[in-house]
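What follows is a single structure, written as structure tokens, with notes after it.
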Amino acid sequence: MSFKPAARPLAQSNTDRPTPPMDLLRASVNDADVMAKLINIAGEGLPVYLWQDMIEGDETVWDVGRRRARRDEGGFSYRNTTLAFGEHQVMGALIDYAQPDTFDPIDPTEIPAMFVPLLELESLAPGSWYINVLAVFPPFRNRGVGSELIRAAERNAINAGKQAISIIASDGNPGAIRLYERHGYTQCAKRAMIKEGWENPGKNWILLIKQF
């Protein structure tokens, strides 16, 4: 099982500065370092918190992130990743893929408590296209990069024959929720966060869905 932090789109509008020219490129194993950085931005530090318990030998938490990004399987994999590239650097990233048509029952005794609300929300959107991660580096925020990545995810969903696209976001990031709502996403359900040792201003995870 791959535990997935909520996505956090950080480019909230394109009104401040013009959208930079960009290419949307599929990631490779060579992009593991930038992927690890962007997923930690998207997860507001939750990935690094989780990676601490996955360290092997003399690894750092970032070694763990890079190792997981290089996997051929799992949600957080280069195979599911699109990079926004412009101005000679990576500006942001999208990780998206299809959710299963059915979900196995959730057994809270076998899953760390903090993941139960996330998995419960995911199970409410079976068969949807799922935005796992959407993040933009600080210099490129408020320039439309996030919106371009959202549109890329929606094209992927339509090309895959999906009728809905879903994402889970924290209510501690209202700008992200507003961005998705502007793109036609609707808040459908919420679950209280279980944070354990992870610090975050949010109180609830929010499931947003857009129908095609």
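The values are calculated or read from the model by the stated rules, or taken from the named source; none is laboratory data. Quantities reported herein were computed from a predicted structural model and do not represent experimental measurements. Note that we place each Cβ from the backbone using ideal geometry, even for glycine, and neighbour counts take in every protein chain shown. Note: accessible area is taken over every heavy atom of the protein model, side chains too, but ligands, DNA and RNA are not part of it. Shrake-Rupley method; radii C 1.70, N 1.55, O 1.52, S 1.80 Å.
Can you give the local net charge around R70? Use residues other than it whose beta-carbon is closer than 12 angstrom to its beta-carbon, Lys and Arg +1, Asp and Glu -1.
Computed value for this residue: 0.
Which one, D96, D107, D23, has the greatest fluctuation when you compute a Gaussian network model over the chain with C-alpha springs under 10 angstrom?
Comparing D96, D107, D23 in the GNM, the peak value goes to D107.
Would you mind getting the accessible area per residue of the stretch 166-212, heavy atoms of the protein chains only, 1.4 Å probe, in Å²?
On a per-residue basis, 48 Å².
How do 35-42, 68-75, 132-139 rank on mean C-beta neighbours within 10 Å, highest first?
35-42, 132-139, 68-75
Out of the total accessible area of the stretch 54-212 (probe 1.4 Å, heavy atoms of protein only), what percent is carbon and sulfur?
Looking at the stretch 54-212 in its full context, I get 49 percent from C and S.
Leaving out ligands and nucleic acids, and using a 1.4 Å probe, what accessible area per residue does the stretch 56-134 come to in Å²?
With the other protein chains kept in place, the stretch 56-134 gives 46 Å² per residue.
Would you kindly calculate the translational diffusion coefficient of the chain, applying Stokes-Einstein with the Kirkwood radius from alpha carbon pairs, for 4 °C and a viscosity of 1.567 mPa s, and quote it in µm² s⁻¹ without decimals?
Rounded to a whole number, D works out at 75 µm²/s.
Sorted by mean Cβ packing within 10 Å, highest first, what order do the peptides 110-121, 142-153 take?
142-153, 110-121
What 222 nm value per residue comes from the helices of the chain, counting each DSSP H run with n ≥ 4 as -39,500 (n - 2.57) and dividing by all residues, nearest 500 deg cm²/dmol?
One gets -7500 deg cm²/dmol as the mean residue ellipticity at 222 nm.
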